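First the structure, in the form of structure tokens, and then the observations on it.
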Amino acid sequence: MAPEPTGPEAEPPAEDDEPLPTPTAPGRARVLTFDGLARKFAVYDAAGAVVHDLWPRLEIDGPTASVAVAWADTTTRADNAITSTRLRIRAAGLPDALPTRLIVAAELPGGRTRVALWALDGEVIAEVELAERWEHFALSPTGAHLFVERALEPESSSLLDAALIRIADGQVLWQGAHETSAFARDDGHFVFTPGREDPVGVIDLATGEESSSTHPDLYKYEQAVGLGVEACSSAGVVLRTYGWITDGQPLWALGWDGQLRAFDPTLPRLAEEIFFEFGRDGASALWQRTAKQAVNGLPPIDEALLGFFELDLATGDNRAVASPDYECPAGRVHRFEVRNEELAACDCAAGRCAVVARLPALAERWVRNTTVSPDGGFVLVNHGWPGNALPMNDPDSLLFDAGGAQLSVLPNGYGGFDHFSRLLLFQTSVGTRRIAIVDLVTARVTWLERPYASAIVYE
């Protein structure tokens, strides 16, 4: 195991020297860290320099449960208690990597809560005061609405109490129990599933009007069926049936006209339907149907019904399509293959592959994994252990560029790249638990003691 990475580790620059974002690059990639027990809340640039020290702006002496910080789908309190959410954030229709907004919620006397919306530098963009206390906080895609959640009483309930608040005036547009929910990507609508056998709820965020939708075929084969939100675009919602354990799990589409319909109205039995992604800026849904094992004397599903399809959310029409190419999506120049002890880079346009690097031999049972940057210019090779007993030692993780140059040797762990392929946020899985920020332009590696929470954000 490598105790420290290789690669340049010069002192961070005195100021942020990244180029200004272009219209196609809405912001710089940053790394956000939060640790209430360590009294640390900061934003780092790709070079590992602190660009915003936010802990003093919280105006608290130390760890406390009365202050919470939230971003994306994460809420953590200043005593390092974290909460989960049922809000689905998979969507389409807005640019990727929009500037990150932070939510800072502080409990007030009398059970009230003050919620502030921050930019990454701590500037207060908006504030709203809530009449009650909540456990989880999230923003709508455009930042116009606040979504809050908390456990229902009794806590054994599978539902959560939730509310939707307009930030401009603090008006509560909706409050109730839900299992899953999502915003339309343009902030035009909010959709929620209030529980099994209850209609799906939709709120028009322009008018505040609430409506509900259901379909008689939800109970075609079995009772106790529920719908869960999978994803939401500006054009409509994708939901999936839960409860058809033997018959399969069909997908459903809900339009803003209130029509809830199955992706395939014939609802073939033993069909396992899986949503993959939106297409055409959210106007269509790419999905796959696979076969469930035939049980209870049912005949197997017709194989002609299986495959990948694209559903037009407006018309309900399906067409067969090729399986999505996740190794070479739009914007990626290279994909990578691990061939025993060799790493090959493949040109996504030409399809040609060439071995670019040799890899160290692995002990028996170790499995190599790869994580590729969005532009295909970098690849992280790390390793998984499938056994129950812990291994005696771990192989190193290796970071390469597309030409095969080894940029860093890191202790085994895992990581993710930012949208612009400017940095890697890496977390060790063995030994001292730390995180590393790797600047992909300079190959500089900055190590930090692993905070309670960390994420790639954008400014």
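The values are calculated or read from the model by the stated rules, or taken from the named source; none is laboratory data. Computed from a predicted model, the values in this text were never measured in an experiment. Please note: Cβ atoms are built from the backbone with ideal geometry, for glycine as well, and neighbour counts cover all protein chains shown.
Remarks
- Of all positions in the stretch 155-163, none carries a residue that is modelled with pLDDT under 95, of a type in the set (Gly, Ala, Ser), farther than 19 Å from residue 72 by Cβ and surrounded by 14 or more Cβ atoms within 10 Å (Cβ to Cβ).
- Some residue of the stretch 294-310 being in contact with a His (Cβ under 9 Å, 6 or more places away or on another chain) and of a type outside the set (Phe, Trp, Tyr): no
- Qualifying residue in the stretch 443-459 (condition: within 18 Å of the chain's Cα centre (by Cα) and within 20 Å of residue 370 (Cβ to Cβ)): yes
- Flag if residue 354 is out of contact with any Lys or Arg (no Cβ under 9 Å at 6 or more places or on another chain), free of Cβ contacts under 8 Å to residues at least 24 places away in the same chain and assigned to a loop (DSSP other than H, G, I, E, B): no
- The residues of the stretch 214-263 that are among the small types (Gly, Ala, Ser), under 27 Å from the mean Cα position of the chain (by Cα) and under 27 Å from residue 140 (Cβ atoms), listed by number, are 226, 228, 231, 233, 234, 235, 236, 253, 255.
- Positions within the stretch 361-382 being assigned to a loop (DSSP other than H, G, I, E, B) and loosely packed, with under 12 Cβ neighbours inside 10 Å, in sequence order: 361, 364, 365
- Where a residue in the stretch 146-158 is outside the structural domain of residue 128 (by TED's automatic domain parsing) and its partner, wherever it lies, is modelled with pLDDT of 85 or more and of a type outside the set (Gly, Ala, Ser), with Cβ under 6 Å and at least six apart: none
- If you go through the stretch 400-426 and keep only what is in contact (Cβ under 8 Å) with a residue 60 or more places away in the chain, hydrophobic (A, V, I, L, M, F, W, C) and under 16 Å from residue 447 (Cα atoms), you end up with 407, 409, 410, 423, 425.
- For residue 314, the conditions (1) on the phi < 0 side of the Ramachandran plot; (2) out of contact with any strand residue (DSSP E or B) (no Cβ under 8 Å at 6 or more places or on another chain); (3) of a type outside the set (S, T, N, Q); (4) in a loop (DSSP other than H, G, I, E, B) all hold with the exception of (2).
- Number of positions in the stretch 51-70 that are of a type outside the set (Lys, Arg), surrounded by 15 or more Cβ atoms within 10 Å (Cβ to Cβ) and either outside any loop (DSSP other than H, G, I, E, B) or touching a His at 6+ places or on another chain (Cβ under 7 Å) (or both): 8
- Count of the stretch 383-409 residues which are at pLDDT 95 or above and either of a type in the set (Ser, Thr, Tyr) or assigned to a strand (DSSP E or B) (or both): 9
- Scanning the stretch 264-274 for residues that are under 23 Å from the mean Cα position of the chain (by Cα) and either buried (at least 20 other Cβ atoms within 10 Å of the Cβ) or in contact (Cβ under 8 Å) with a residue 60 or more places away in the chain (or both) returns a single hit, 273.
- Considering the stretch 288-318, and only residues there that are in contact (Cβ under 8 Å) with a residue 40 or more places away in the chain and under 29 Å from the mean Cα position of the chain (by Cα), the residue that is surrounded by the fewest Cβ atoms within 10 Å (Cβ to Cβ) turns out to be 314.
- When 349, 344 are checked against the criterion of being small (Gly, Ala, Ser), over 16 Å from residue 426 (Cβ atoms) and out of contact with any strand residue (DSSP E or B) (no Cβ under 7 Å at 6 or more places or on another chain), a single residue qualifies: 349.
- Scanning the stretch 395-452 for residues that are among the charged types (D, E, K, R) and out of contact with any strand residue (DSSP E or B) (no Cβ under 7 Å at 6 or more places or on another chain) yields 433, 444.
Here is a yes/no grid of residues against (1) in a loop (DSSP other than H, G, I, E, B); (2) within 30 Å of residue 313 (Cβ to Cβ); (3) modelled with pLDDT of 95 or more; (4) not assigned by TED's automatic domain parsing to the domain that holds residue 449:
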{"site": "41", "(1), (2), (3), (4)": "no, no, yes, yes"}
{"site": "99", "(1), (2), (3), (4)": "yes, yes, no, yes"}
{"site": "103", "(1), (2), (3), (4)": "no, no, yes, yes"}
{"site": "120", "(1), (2), (3), (4)": "yes, no, yes, yes"}
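- Residues in the stretch 177-216 that are free of Cβ contacts under 8 Å to residues at least 40 places away in the same chain and part of a loop (DSSP other than H, G, I, E, B): 194, 195, 197, 198, 199, 206, 207, 208, 209.
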